[in-house]
Amino acid sequence: MAKDGLSFEDMVRQESAKAGLDVSPRAERPQNGRRPAPPPERRRGRGGMWALVILALVLLAGVAALAVGFTNATRVSELDTIYPNVTVNGVAVGGMTVQEAAAALGDPAGRYDNAAVTVNFPTGDTLTVTAGQVGLEEVDGTSFAKMAYEYGREGTLLKNYMAYRACEAEPVALTYQREKNEPDMETLRALVEPVAAQVDQKLDIVQAEYGEDAVTLVKNAGTAQVDVEAVCAAVSAAFQQEDYTTPILAQAVEPEGETADTIDTQQLVDALYNAVFKEPQDAVYDETTGSVKEGVPGVHIDKEEAARLWNEAKSGDKVVIPYIFDEPAVKAEDVTGRLFQDVLSEKSTSLSGSTSARINNITLAAKAMNGVVLQPGEEFNYNMCLGERTAAKGYQSAGAYSGGEHVMNIGGGICQGSSTLYYCALYANLKITARYDHYFPVYYLPRGLDATVSWGWPDFKFVNSRSYPIKIEAYVSGGYLTVRLYGTDEDGSYVQITSDTWEDSLYYYAQTYRNVYDKNGNLISSTAEAYSRYHKEGTTSSEETTSATPPPAAPEPTQPPAPPAEQPPQQEQPNTPPEQPNTPPEQVTPPETQPETPPETQPETPPETQPETQPEPQPETQPETQPEPQPETQPEPQPETGGDDTVTE
């Protein structure tokens, strides 16, 4: 019987458990009493291990994938370029920086530099409108480039990376509205309207044909005016289409209700006169081309005759109004005849006492200068004109100075050519651009009017500052070097050179002034020209040849007085007839403020056979001003002198 309600099987399990026996229930035996076969024994341990290994590998792979993804996402976030496969308004910008994309999306640099549209009007008038005039400027593509760069960068790190990968897989087309770069219509209209008004005036409400000899009108042919709005619209379209080769043809339209019968005759005639009228243009010398520009006849019509012809014409008649041509007052042949017509200045300097070698060198220098023509604005360079003085060119060894010492040098004496030319350039009122004084005074010109040269440096230069070309004439004859400057005397003005001179124990000083007078002798201007300092004979110095400013002991320059009105100062006059080469003129110096006691003796007197006409005529009652001599009388001219370290020729 079961104890405490327990079944017999339960009691057995309890007791067995206490005894340590396994009495786990087995499968129920079949009713036939046979014991079933035991189940197959399970193998524990290996299967669980492999499962754990696989799980670990999966976890590691996931962690690695996350690490790689994070690394790529970080790398993408650090890119300074637009995502791949991105286009903006059809322009591929993928992989570009913002700056590169801006350049690709904006207008190219200089797009409108040469952009211009031409308008042709019915009367033959033209109008050219440039992009700059109507406010057209290159479009900056920076804003578009920045928007393309921001695409796919608005989210988290992972989200932005996914957007990047999406761009790699499939192109992304972005479209942004670009502002139209249109011309400023108000400004454009302001350019077109004045020209249209002139054209309307030429048409003058009637159709007119302007020929070479006459203007032809058709009476009662209708009215015509330029359609300004249509012209502006066509110009704007041309700029937007960048069509700068096809001219715009301006159309003339006919307002309703207006015919030639309603036209005021006087208004018509005035309009025709204004359309035809041209002032005659005189022939002039063209400084740019160096040639004479032909004159252009003026054109006008007879207003009274034009009104009569119009009023007498019937509707539909052609009215031909002839032009009247006005010849220019100055023709080309007149200008050509004035070229080199006047002697602007001239000077003859003595060769007295010169050796044959020195005279030879001066003669070669004169030949090099002779015939040189300078156009307006052209500079003359004495060294470049003569070239380097060599024995192969015929130059001989003659006296020169170096550092205050007398030396023999190839080309010695040519400074007399540069000095005489300098004198003429001053009196022709030309601009001096380079001039240096000598080491010692020269005998053939007053102090302050010389110009020393040496190959390389120093040099003498001047510019033709007149409106017409000038020509140099230079020759040696009769013991003189003569230089003349030919040109065109435009207004009769002339130059007088005056000077202040002083000295100390070592030097002579000179300050020259250029005084310009009109043809009536009235002073126009007076300017300081050049400061000069010369060593005295027997002195040496290591200082330079010239100084930029006078020494402190130099007196203040004084203003030269104006010449008397009834007798202008005598000096080289532009209209003096040229002298004959074989009769050298008497050497006469220009008016100059001199010390009361000149320390210098006059060089050898020129030959007695002198022509009455002198290059610088003085009044007969005026004694000849003597140039300042050297402290000691020299039996023959001293060589030209320059700086201490320069051999002047």
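The values are calculated or read from the model by the stated rules, or taken from the named source; none is laboratory data. Keep in mind it's a predicted model, so treat the numbers as computed, not measured. All Cβ positions, even for glycine, are placed from backbone atoms using ideal geometry, and neighbour counts span all protein chains on display. For accessibility, only protein heavy atoms count, side chains too; no ligands or nucleic acids. Shrake-Rupley method; radii C 1.70, N 1.55, O 1.52, S 1.80 Å.
Looking at P280, P297, just one residue is surrounded by 11 or more Cβ atoms within 10 Å (Cβ to Cβ), in contact with a Lys or Arg (Cβ under 9 Å, 6 or more places away or on another chain) and at pLDDT 90 or above, and that residue is P297. Looking only at the stretch 335-354, which residues are outside any strand (DSSP E or B), open to solvent by less than 70 Å² (accessible area, probe 1.4 Å) and not small (G, A, S)? Selection gives V335, L339, F340, L351. Selection of the stretch 313-325 for residues being surrounded by 14 or more Cβ atoms within 10 Å (Cβ to Cβ) and either assigned to a helix (DSSP H, G or I) or not aliphatic (A, V, I, L, M) (or both) yields D317, P322, Y323. Identify the single condition in (1) part of a strand (DSSP E or B); (2) open to solvent by less than 40 Å² (accessible area, probe 1.4 Å); (3) over 23 Å from I497 (Cβ atoms) that M408 does not satisfy, given that it satisfies every other one. (2) is the only condition that M408 fails.
Is it the case that the stretch 107-126 has a residue that's on the phi > 0 side of the Ramachandran plot and not in a strand (DSSP E or B)? Looking for residues that are on the phi > 0 side of the Ramachandran plot and not in a strand (DSSP E or B), one finds at least one in the stretch 107-126, hence yes. Taken over the stretch 81-101, the criterion of being closer than 12 Å to M147 by Cα and outside any loop (DSSP other than H, G, I, E, B) is satisfied by V86, T87, V88, V98, A101. Looking only at the stretch 487-515, residues that are β-branched (V, I, T) and closer than 18 Å to K347 by Cβ come to 4 in all.
Okay, residues lined up against (1) within 49 Å of the chain's Cα centre (by Cα); (2) under 30 Å from A234 (Cα atoms); (3) touching a residue at least 12 places away in the same chain (Cβ under 8 Å):
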| site | (1), (2), (3) |
| --- | --- |
| N89 | yes, yes, yes |
| G135 | yes, yes, yes |
| Y151 | yes, no, yes |
| L158 | no, no, yes |
| M162 | no, no, no |
| L174 | yes, no, yes |
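Scanning the stretch 301-312 for residues that are open to solvent by 40 Å² or more (accessible area, probe 1.4 Å) and in contact (Cβ under 8 Å) with a residue 12 or more places away in the chain turns up D302, K303, E305, L309, N311.
Among the residues making up the stretch 145-164, those that are within 24 Å of G90 (Cβ to Cβ), assigned to a helix (DSSP H, G or I) and open to solvent by 70 Å² or more (accessible area, probe 1.4 Å) are K146, M147, E150. Here P39 meets each of (1) open to solvent by 90 Å² or more (accessible area, probe 1.4 Å); (2) modelled with pLDDT of 75 or more with one exception, condition (2). Scan the stretch 363-380 and tell me whether some residue there is in contact with a helix residue (DSSP H, G or I) (Cβ under 6 Å, 6 or more places away or on another chain) and more than 21 Å from F460 (Cα to Cα). Taking every residue of the stretch 363-380 in turn, none turns out to be in contact with a helix residue (DSSP H, G or I) (Cβ under 6 Å, 6 or more places away or on another chain) and more than 21 Å from F460 (Cα to Cα). Of the residues that make up the stretch 131-144, is at least one closer than 30 Å to A196 by Cα, among the charged types (D, E, K, R) and either part of a loop (DSSP other than H, G, I, E, B) or open to solvent by 20 Å² or more (accessible area, probe 1.4 Å) (or both)? Yes, the conditions are met somewhere in the stretch 131-144.
Tell me whether the stretch 425-444 contains one or more residues that are farther than 26 Å from N515 by Cα and at pLDDT 95 or above. No, every residue in the stretch 425-444 fails to be farther than 26 Å from N515 by Cα and at pLDDT 95 or above.
Among the residues making up the stretch 509-527, those that are in contact with a Pro (Cβ under 7 Å, 6 or more places away or on another chain), open to solvent by 10 Å² or more (accessible area, probe 1.4 Å) and over 25 Å from E537 (Cβ atoms) are Y513, S526.
Taken as a whole, the structure leaves G399 outside the set of residues that are at pLDDT below 95, at positive phi, touching a His at 6+ places or on another chain (Cβ under 7 Å) and among the small types (G, A, S). Scanning the stretch 405-424 for residues that are more than 46 Å from the chain's Cα centre (by Cα) and not hydrophobic (A, V, I, L, M, F, W, C) yields E405, H406.
None of V58, V119, V53 is of a type in the set (A, V, I, L, M), open to solvent by less than 50 Å² (accessible area, probe 1.4 Å) and either under 30 Å from V226 (Cα atoms) or at pLDDT 70 or above (or both) except V119. Filtered by the rule that a residue be open to solvent by 50 Å² or more (accessible area, probe 1.4 Å) and among the small types (G, A, S), the stretch 75-100 gives S77, G90, A92. The residues of the stretch 172-220 that are closer than 25 Å to P322 by Cα, open to solvent by 30 Å² or more (accessible area, probe 1.4 Å), at pLDDT below 80 and not charged (D, E, K, R), listed by number, are Q201, I205, Q207, V218, N220.
Restricting attention to the stretch 221-257 and to residues that are open to solvent by 40 Å² or more (accessible area, probe 1.4 Å) and either among the basic types (K, R) or over 42 Å from the mean Cα position of the chain (by Cα) (or both), the residue that is modelled with the highest pLDDT turns out to be V253.
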